[in-house]
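I have placed the structure first, in the form of structure tokens, so that the comments after it can refer back to it.
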Amino acid sequence: MADEKYIAGDYLVNNPTWGVEDSAWKARKIMEMIQHNDLHPATICEVGCGAGEVLRQLQLRLPEQVHLCGWEIAPAAHQMCMERANPELPPWGLPRWSGALRPPADD
């Protein structure tokens, strides 16, 4: 399955920062899209959010009433997300791992 490299840890071996160094740039691009389209989101959810750093960067740029959440299937990335928890972005607002999100196995 394609997602096994994330769950088994292979992706982490080859990408130990999980791309955190690109997160500020990604958050700036998201903010540009939000502003260009005059959007005022109440909630932003990132699916496949990795280490959660894009969400943390968005937290720094958005009004505090915007609810941020994310989903991630990789346990290693989820642990990185927990390191980013803060009073305004508590652990339950950070990405969660859920086996229920995994696609059914091919027969």
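The values are calculated or read from the model by the stated rules, or taken from the named source; none is laboratory data. Just so it is clear, the structure is predicted and the values come from calculations on it, not from any experiment. Cβ placement follows ideal geometry from the backbone for every residue including glycine, while neighbour counts extend to all protein chains displayed.
In segment 41-59, how many are surrounded by fewer than 22 Cβ atoms within 10 Å (Cβ to Cβ) and in contact with a helix residue (DSSP H, G or I) (Cβ under 8 Å, 6 or more places away or on another chain)?
In the first step, residues of segment 41-59 are kept if they are surrounded by fewer than 22 Cβ atoms within 10 Å (Cβ to Cβ); the result is 41-48, 57, 59.
Subset that is in contact with a helix residue (DSSP H, G or I) (Cβ under 8 Å, 6 or more places away or on another chain): 41, 44, 46, 57.
Count: 4.
Consider L62 carefully, then state whether it is among the aliphatic types (A, V, I, L, M) and loosely packed, with under 11 Cβ neighbours inside 10 Å. Lay out the reasoning, then the answer.
On the way: among the aliphatic types (A, V, I, L, M): yes; loosely packed, with under 11 Cβ neighbours inside 10 Å: no.
In short, no.
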Check your understanding: Can you tell me which residues in segment 1-49 are of a type outside the set (S, T, Y), within 14 Å of the chain's Cα centre (by Cα), closer than 20 Å to E64 by Cα and not in a helix (DSSP H, G or I)?
Key -> I44, C45, E46, C49
Point to revise | Per-region count, segment 1-23, residues surrounded by 15 or more Cβ atoms within 10 Å (Cβ to Cβ) and aliphatic (A, V, I, L, M) | key: 3
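Only one of these is out of contact with any strand residue (DSSP E or B) (no Cβ under 8 Å at 6 or more places or on another chain), of a type in the set (A, V, I, L, M) and closer than 16 Å to A85 by Cβ: V54, V20. Name it. Working first, answer last.
Working: V54 fails: out of contact with any strand residue (DSSP E or B) (no Cβ under 8 Å at 6 or more places or on another chain).
The conditions single out V20.
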Exercise for review: Please work out which residue is modelled with the lowest pLDDT, limiting yourself to segment 48-107 and to residues that are over 16 Å from W18 (Cα atoms) and of a type in the set (D, E, K, R).
Suggested key: R102
